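Structure first, commentary second.
A short reminder: the numbers here are calculations on the coordinates, not readings from a lab. Since the model is a prediction, treat every value here as computed from it, not as a measurement. Every residue, glycine among them, receives a Cβ derived from its backbone with ideal geometry; neighbour counts consider all protein chains shown.
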Amino acid sequence: MGKLHSLTLKIHRYDPEQKKSWVQEYKIDVGGMLRFTDVLRKINQEQDPGLAWISSCEHAQCGSCGVVVNGKPLLMCELLVQNAIRQFKTTTFSLKPLTIAPVLRDLIVDLPQAYKRVHKAKPYIIEPAETPPEGDELRIPPRVMERYVEATRCINCFCCAEACISSHRHFLGPNAMMANIVRLFDPKEKAKKERLDILYGDDGVARCHTSEACSFVCPKEIDVAHFIALGKEAKFS
Amino acid sequence: MNSRLRINAIRRCDALIIGAGGAGLRTAVDILAGKPDTTIIAVTKVSSPQKSHTTTAQGGFAAVNPKDPIDKPVYHMFDTWKGSDCSSDQNVIKKIVEAAWEQTLWLDNHGLHFTRNEEGRFSKRTFGGHTLEFGEGPSAFRAVFEADRTGKGIMDTVWGESLKRNVSFINQSIATELIFKGERCIGAIIFEEAKGEFTAVFAKATVISTGGLGQVYKITTNCRQNTGDGLALVLREGLPVMDLEAVQFHPTGIVGPGILASEALRGEGGFLLNKDMERFMERYAPKMKDLAPRDMVSRSIETEIREGRGVINSDFNLPHVWLDIRHLSDYVHDVKLPEVTGFFKKFAGIDPKKELCPVRPTVHYHMGGVPTNEFGEAQKSVDQIVPGLYAVGESASASFQGFNRLGTNSLLELFTMGKFVGDRVSEYLGDADEPGDLPKGAGEKSFALFSRYFESKGGENLWKIRETMRELMTEKVGVFRNEKDLNEAINQLIEFKEKSSHIKLSGSSLIMNQELVDRWELDNLLDVAIVIAHGAKDRKESRGAHTREDYPERKDEYNYHTLASMVEYGKVTLDKRPIDMSIFEEKSKDYKHFDFMARKY
């Protein structure tokens with residue numbers, strides 16, 4: 001095994017039955033290649049089986065395990081211990097749940113509620129373009145797709161929404177906006193007018209203050225702010 | 001019995017989908033496309049269907065355009081049959097392969113961003129075992145894809161369509177029991193984690209689409225949720241599961257977490273090296289080399305490691321081989337496969353443009369599942385279905401994959417079978433009676449289970465049992481198996497099950513109690529693990545992904561699917577289901593290629 005690191009984790013906890021919040025400190029020795037999800041699992045195994053947190057794919061493809069570590073929203077599954085120590089220059093880490101939805105227990109927030117904002121942006125084709133006859137695919141030049149496919153990598157982890165300085169109440173959020181903007185580019189979507197109504201609606205891009213925090217924190221390294229800017233300028237072709 | 005445990009709510013719908021991944025939601029969308037006012041409830045364990053395991057599939061979706069001048073659907077059928085080690089059902093192969101192209105057009109039209117070539121048409125790539133001219137020709141470029149996130153494209157598309165068509169979702173919830181009225185399945189008992197409450201969902205038709213069981217093993221590409229829940233659910237109702245011994249090890253898991261490094265890396269020209277920098281696959285599969293089917297490549301890697309030609313990773317103390325993709329162009333690294341090459345950087349600290357990547361076999365997929373016919377109707381025996389109950393996706397086995405699945409055939413199967421199952425459910429809904437009232441005793445199995453969890457006393461540790469079981473399965477029921485190891489595994493699993501009744505939970509809350517769900521998952525894992533071990537023990541031959549060191553050859557006497565049921569823990573009853581040979585038996589033009597054959601690449 002490689003070198004062990006002695007970590008101190010200060011985890012924000014919440015008990016929904018007692019309606020009680022507190023910060024609990026855990027000390028643990030772990031290898032540098034472990035992910036933070038592995039570290040929490042080790043805490044469940046060795047110290048506290050009751051500490052609640054969620055994950056799913058554990059390789060940054062599903063966006064379930066977002067938390068705020070030392071002030072930065074990120075996915076626990078892609079934060080390696082050695083990188084965390086390097087990045088934050090400490091072995092003490094504070095772990096808080098995201099604030100984009102109410103906390104259900106400990107680090108678990110009500111993601112289904114947060115998702116309602118994405119649903120409002122209609123993450124699907126509202127009205128599909130006509131398909132070519134005779135069983136062929138629609139021809140789309142790669143140059144056209146290059147302008148927006150990067151935005152389709154979004155996994156709705158809500159790290160951008162967490163970092164966004166615009167209010168969570170009045171802005172659907174960077175990720176929801178991006179889901180809408182993708183379809184404004186997409187030649188397969190015919191309902192452009194309805195898309196523009198979402199984009200420029202009361203909870204649309206006008207609420208964005210251009211802090212670009214979304215791009216800064218995106219675990220998928222998507223330049224979210226770039227797509228929001230294109231949305232503001234209506235540059236879809 | 002714990003008095004807090006009761007049915008808190010009753011809901012009714014036409015169709016209940018248990019597991020809202022790609023297969024389940026494809027089924028839902030297909031039903032709604034035909035009849036938009038159908039009421040559908042979809043239950044998912046994750047916080048949004050978008051978080052399902054389907055989203056992690058990388059490489060592609062196999063589909064032959066019937067107008068293709070070079071490739072033909074019949075070649076794809078042949079490759080699937082041969083790849084399965086002559087163990088898949090030919091009626092299912094024919095049906096799925098012939099419908100494949102139309103399904104890709106549906107996906108494209110509904111928003112999936114398939115990668116295009118310069119002409120603006122679908123790009124295609126090749127995967128292991130896909131060939132032209134019945135294996136005589138070169139590799140077939142048959143898989144359409146969305147960069148290296150094809151599964152995400154499929155998930156996003158069917159999830160979006162489900163939202164659009166008003167599927168009602170119950171997130172962060174598990175199905176703990178099926179409800180029956182006589183022989184007919186009329187819904188399920190759902191435990192909603194965030195509320196800490198049980199809901200009885202009545203449905204005219206119930207579809208199981210809970211995905212895989214990868215968490216039975218120590219190193220797996222499967223997400224945390226893949227604990228064989230649907231299979232354990234069916235087993236607990238006394239119904240059979242099929243071919244669970246056929247577990248696929250993907251040859252290239254990233255050393256450490258076991259994350260999948262897509263076969264597309266080899267499809268694009270990457271190759272494997274041992275410690276002596278030898279391209280060892282040339283010895284095992286002289287023709288297909290690194291693009292031989294997954295079971296063969298996994299066995300080859302394990303053999304290299306066993307014979308001392310592996311490399312040890314000091315961080316994880318794991319032996320591995322190398323995957324070399326340094327020579328691939330920047331375009332492949334940065335545009336065609338950015339997620340996968342990014343995994344090596346993020347999770348292994350390696351720059352795959354400059355360094356060799358450490359890989360080893362990792363549990364990826366199970367070919368078996370709830371036995372169904374070609375329409376997805378769940379079977380209780382060879383010739384009897386369970387009315388009202390369906391299964392689809394990785395949790396089902398029709399069987400398209402037989403004993404080994406080819407890359408890109410799983411997205412094809414889950415999506416296309418989803419459509420067929422949806423069609424069948426729609427037909428059934430037309431004539432089906434309303435389920436009526438809650439039958440006496442419904443929910444009691446769930447309450448008994450949860451009461452046991454809360455009332456158990458003792459010093460056993462949930463996680464220790466879970467981790468030890470995963471190590472045991474990897475060691476004794478892994479890539480290579482033998483009688484002695486399998487017997488040991490079975491005995492130890494029985495011990496683990498006994499130990500698990502002495503686990504004391506740390507809290508008694510029902511609300512968002514992750515430990516309670518972990519405890520329930522442990523039961524599911526232990527249940528499917530012992531069925532895998534029994535199936536493997538009984539099959540005294542080697543076939544596809546199931547390899548017995550003590551019986552290295554495939555044998556004709558085992559030309560059947562294993563049906564296994566379990567009344568009491570460890571008491572597994574085995575039965576047989578014949579392999580469908582309808583393409584061969586029809587004696588049409590190319591039928592000779594669909595006989596049993598030796599599998600060489």
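Report the semi-axes of the equivalent ellipsoid for the protein assembly as shown in whole Å, largest first, where each axis is √(5λ) for an eigenvalue λ of the Cα gyration tensor.
One finds semi-axes of 35, 33, 30 Å for the protein assembly as shown.
Restricting the calculation to Cα positions, tell me the Rg (one decimal) and the Dmax (whole number) of region B:77-224 in Å.
20.0, 59
Using a 10 Å cut-off on Cβ to Cβ distances, tally the other chain neighbours for every residue of A:44-54 and report the average as a whole number.
Working: counts 6, 6, 3, 0, 2, 12, 7, 3, 8, 1, 10.
Counting Cβ atoms of other protein chains within 10 Å of each residue's Cβ and averaging gives 5.
By how many degrees, 0 to 90 and rounded to 10, does the Cα axis of helix A:36-46 deviate from the longest principal axis of chain A?
Between the helix axis and the principal axis of chain A, the angle is about 40 degrees.
Which residues' amide hydrogens lie under 5 Å from the amide hydrogen of residue A:166, considering only partners 5 or more residues apart or on another chain, with H built in the peptide plane?
Distant-sequence amide H within range of residue A:166: A:209.
Quick check on my link table: of A:42/A:122; A:192/B:336; B:289/B:354; B:35/B:82; A:220/B:95, which ones sit more than 27 Å apart, alpha carbon to alpha carbon? Before the final figure, lay out each step's value.
On the way: A:42/A:122 39 Å; A:192/B:336 29 Å; B:289/B:354 23 Å; B:35/B:82 38 Å; A:220/B:95 38 Å.
Correct reply: A:42/A:122; A:192/B:336; B:35/B:82; A:220/B:95.
For region A:1-98, what are the per-bin percents of Cα-Cα distances with bins 5 Å wide, up to the bin holding the maximum?
Final binned percentages: 3, 13, 24, 28, 20, 9, 3, 1, 0.
Which of A:209, A:5, B:364 comes first, and how do the rest follow, when ranked by fewest Cβ neighbours within 10 Å? Show your work: numbers first, answer last.
Numbers: A:209 11, A:5 17, B:364 27.
Ordered from fewest to most neighbouring Cβ atoms within 10 Å, A:209, A:5, B:364 come out as A:209, A:5, B:364.
Can you list the aspartates and glutamates whose alpha carbon sits under 14 Å from that of residue B:218, skipping same-chain ones fewer than 8 residues off?
Result set, ordered by chain and number: A:38, B:467, B:471, B:475.
May I ask for the equivalent-ellipsoid semi-axes of region A:107-237, computed as the square root of five times each C-alpha gyration tensor eigenvalue and listed largest first in whole Å?
They are 26, 15, 15 Å, listed largest first.
Sort A:48, B:334, B:79 so the one with the fewest other Cβ atoms within 10 Å of its own Cβ comes first.
B:334, A:48, B:79
Using a 10 Å cut-off on Cβ to Cβ distances, tally the other chain neighbours for every residue of B:344-351 and report the average as a whole number.
Averaged over the peptide's residues, the number is 3.
Once the other residues with Cβ under 15 Å from the Cβ of residue A:219 are scored (Lys, Arg +1; Asp, Glu -1), what is the net sum?
Numbers: positive: A:35, A:72, A:153, A:220, B:51, B:149, B:152, B:345, B:346; negative: A:58, A:78, A:150, A:162, A:221, A:223, B:339.
In short, +2.
What is the average number of partner chain Cβ atoms found within 10 Å of a Cβ in B:109-119?
Per residue, the average neighbour count from other chains is 6.
For chain A, which semi-axes, largest first and in whole Å, follow from the square roots of 5 times the eigenvalues of its Cα gyration tensor? It would help to have the intermediate numbers written out before the result.
Values: eigenvalues 283, 76, 51 Å².
Gyration-tensor ellipsoid for chain A: 38, 19, 16 Å.
Tell me what chain B gives for mean residue ellipticity at 222 nm when only DSSP H runs of n ≥ 4 count, each as -39,500 (n - 2.57), the sum divided by the residue total, rounded to 500 deg cm²/dmol.
Value at 222 nm, helices only: -10500 deg cm²/dmol.
Could you pull out the pairs from A:27/B:457; A:20/A:120; A:120/B:45 whose alpha carbons sit more than 25 Å apart here?
Details: A:27/B:457 27 Å; A:20/A:120 33 Å; A:120/B:45 23 Å.
From A:27/B:457; A:20/A:120; A:120/B:45, over 25 Å: A:27/B:457; A:20/A:120.
I need the peptides B:337-346, B:589-598 ranked by packing, meaning the mean over residues of other C-beta atoms within 10 angstrom, with the highest value on top.
Top to bottom by mean Cβ count within 10 Å: B:337-346, B:589-598.
For region A:4-109, what's the relative contact order in percent, using C-alpha pairs closer than 8 Å and at least 6 residues apart?
34 percent
Provide Rg and Dmax in Å for chain B, with only Cα atoms included in the calculation.
Both quantities, over Cα of chain B: 22.9, 68 Å.
Pulled fully out, how much extra length does the chain show between residue B:471 and residue B:440, if you take 0.36 nm times their separation in residues and subtract their Cα-Cα distance?
Fully extending the segment from residue B:471 to residue B:440 adds 7.0 nm.
Label-point separation (nm) for residue B:383 and residue A:4, each offset 7 Å from Cα along Cα-to-Cβ?
6.4 nm
Sorted from fewest to most neighbouring beta carbons within 10 Å, what does the list B:508, B:395, B:300, B:410 look like?
Arranged by neighbour count, lowest to highest, B:508, B:395, B:300, B:410 become B:508, B:300, B:410, B:395.
Pairs to check: B:440/B:571; A:89/B:353; B:94/B:419. Give those whose C-alpha atoms are more than 22 Å from each other in this structure.
Among B:440/B:571; A:89/B:353; B:94/B:419, the Cα-Cα distance tops 22 Å for B:440/B:571; A:89/B:353.
Would you mind calculating the relative contact order of chain B from Cα pairs under 8 angstrom and at least 6 residues apart, reporting the percent as a whole number?
Worked out over chain B, it gives 21 percent.
Given points 7 Å out from each Cα along the Cα-Cβ axis, report the residue B:91 to residue B:592 separation in nanometres with one decimal.
2.7 nm
Which of the helices in chain B meet the span-like rule: DSSP H, Cα axial reach of 27 Å or more, Kyte-Doolittle mean at least -0.5? Present the calculation step by step, with values, prior to reporting the outcome.
Details: long enough: B:90-109 (29 Å, -0.31); B:409-431 (33 Å, 0.02); B:514-538 (36 Å, 0.05).
Correct list, ordered by number: B:90-109, B:409-431, B:514-538.
Below 11 angstrom from the Cβ of residue B:447, what's the summed charge of the other residues (Lys, Arg +1; Asp, Glu -1)?
+2
Starting from the 7 Å offset along Cα-to-Cβ, what nm value, one decimal, do you get for the label separation of residue A:139 and residue B:118?
According to this spin-label approximation, the distance is 1.5 nm.
If R0 is 22 Å, what FRET efficiency do you get for residue B:576 and residue B:491 from their C-beta distance, rounded to 0.05?
Working: r = 25 Å, r/R0 = 1.15.
That gives a FRET efficiency of 0.30.
In nm, what is the difference between 0.36 nm times the number of residues separating residue A:146 and residue A:169 and their Cα-Cα distance?
So the extension gain works out to 5.0 nm.
I need to check one value: relative contact order of region B:227-354, counting alpha carbon pairs closer than 8 Å and at least 6 residues apart, in percent.
RCO, region B:227-354: 25 percent.
May I ask you to give the average projected area over all directions of the convex hull of the Cα atoms of region A:135-174, in nm² rounded to one decimal?
Result: a mean projected hull area of 4.6 nm².
Rounded to whole Hz and in sequence order, give me ³J(HN,Hα) for region B:377-386 from the Karplus expression 6.51 cos²θ - 1.76 cosθ + 1.60, θ = phi - 60°, writing x for Gly and Pro.
Computed from phi, the couplings for region B:377-386 are 6, 5, 10, 9, 7, 3, 10, 10, 9, 9 Hz.
What's log10 of I(q)/I(0) for region B:444-573 at q = 0.11, 0.13, 0.18, 0.20 Å⁻¹, Debye sum over Cα points only, no solvent?
For region B:444-573, the Cα-only Debye profile gives -0.45, -0.60, -0.96, -1.10.
At most 14 other C-beta atoms within 10 Å and a DSSP loop state: those are the exposed GluC sites (Glu not before Pro) I care about. Give me the longest piece of chain A that has none.
Value returned for the longest uninterrupted segment is A:18-129.
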